[in-house]
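Below is a structure I'd like to ask you about.
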Amino acid sequence: MSTDTDFSRRTFLSLLGLSSASLLAGCASSGVRPFNSVEPGSLASNFAGDFRSMFAGGISDAELAVMYGTVEDGGYVIPAIPYQKIDRRYYRQRVVDPTGEPAGTIVVDTRSRFLYVVEPGGSAMRYGVGIGREGFAWSGEGVIQWRQKWPKWTPPDEMVARQPELVKFSSRNGGMPPGLKNPLGARALYIFQNGKDTLYRLHGSPEWNSIGKAVSSGCVRLMNQDIIDLYERVPNKARVVVWQ
């Protein structure tokens, strides 16, 4: 007997007959929603999830335990992440590229909470991200002008005004030193546009439970284990495209 799941999978497979150009069209600056920027739980989301899972081949618990296990880095010991408590869609994984962008481009899909690094041959490395108020404040294209391991955190004056308890970490007071509790985590990548700092960051975070969510503040946050992986893949001057 045919089930709803069987039907949805067959229907999705039939979509593969469409041209790759129509299926994987990019929309970095057009404002059109990308193919897999769909609401969780929707029929389109299930189709896209099936396709991605077929391509990725699944990730075993043994692999996840290594990917998100304890890491010694820069004199710090980053705790293991209880990955079982995170939606599997937000695990680091290689997927079919849905962006249409050239290899080497970073694409941030703020609505779907995904970050992609486009690879040659039609694939992309995808990471789950969390987005804060500042994460929705900027979109467009830029470059990674600066990268920093274990960065110091200096909250902007607007954030200090909202949260006076942060005044001790203000620029006037030298910022917050690096460490496991630092909101920028193990790495930060700084986005510039036309030679100017956008104040938009891709950064690590000790708050693994914020991945996939819209949180109170911050730019684009990744799990610390993921930002370390991203840092090694992304050089200075890498092109960045942010979708709203």
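Values quoted throughout were computed directly from the atomic coordinates according to the rules given, and no laboratory measurement underlies them. This one's a predicted model, so the numbers in the text were calculated from it and none came from an experiment. Every residue, glycine as well, gets a Cβ built from its backbone with ideal geometry; the counts of neighbours run over all protein chains shown.
How much length is gained on full extension from R88 to L180, taking 0.36 nm per residue of separation minus their Cα-Cα distance? The partial results should precede the final answer.
Numbers: separation 92, 0.36 × 92 = 33.12 nm, distance 2.45 nm.
Separation in residues times 0.36 nm, less the Cα-Cα distance, equals 30.7 nm.
I've got another one for you. Determine, for T99, T110, the number of other Cβ atoms within 10 Å of each Cβ, and report the residues in order from fewest to most.
T110, T99
Each residue of region 154-166 in turn: what ³J(HN,Hα) in whole Hz from Karplus with 6.51, -1.76, 1.60 and θ = phi - 60°, glycine and Pro shown as x?
Whole-Hz 3J(HN,Hα) from phi for region 154-166: 10, x, x, 4, 5, 6, 4, 5, 6, 10, x, 5, 8.
Please report the antiparallel percentage of the DSSP beta bridges confined to region 99-244, to the nearest 5.
In region 99-244, DSSP labels about 75 percent of beta bridges as antiparallel.
Here's something else I'd like to know. Gain in length, D73 to R239, computed as 0.36 nm per residue apart minus the alpha-carbon separation, to one decimal in nm?
57.1 nm
Do you know the relative contact order of region 184-230, to the nearest whole percent, from alpha carbon pairs under 8 angstrom that are 6+ apart?
39 percent
By the scheme Lys and Arg +1, Asp and Glu -1, what is the net charge of all other residues having a beta-carbon under 10 Å from that of M223? Numbers along the way, then the final one.
Numbers: positive: R92, R221; negative: E207, D226, D229.
Local charge sum for M223: -1.
Tell me, what does the Kirkwood hydrodynamic radius of region 126-193 come to in angstroms if you use every pair of distinct C-alpha atoms?
After inverting the mean inverse Cα-Cα distance, the result is 13.5 Å.
Same structure, new question: Any lysines with Cα under 29 Å of the K196 Cα? List them, leaving off those in the same chain fewer than 8 positions away.
Qualifying lysines at Cα under 29 Å: K149, K152, K168, K181, K213, K237.
If you don't mind, there's one more thing I want to ask. Taking the Cβ-Cβ separation of Q163 and K213 as r and a Förster radius of 25 Å, what is the calculated FRET efficiency to the nearest 0.05?
0.85
Assign one of three labels to region 106-244, namely rounded, prolate or oblate, based on the Cα gyration tensor with a ≥ b ≥ c the square roots of its eigenvalues; rounded applies when a/c is under 1.5, prolate when it is not and a/b is larger than b/c, and oblate otherwise.
Prolate is the answer for region 106-244, as a/c is 1.5 or above and a/b outweighs b/c.
Also, quick follow-up: Averaging sequence separations of C-alpha pairs under 8 Å and six or more residues apart, then dividing by the length of region 69-133, give the relative contact order as a whole percent.
Working: 93 pairs, mean separation 17.7, N = 65.
Computed over region 69-133, the figure is 27 percent.
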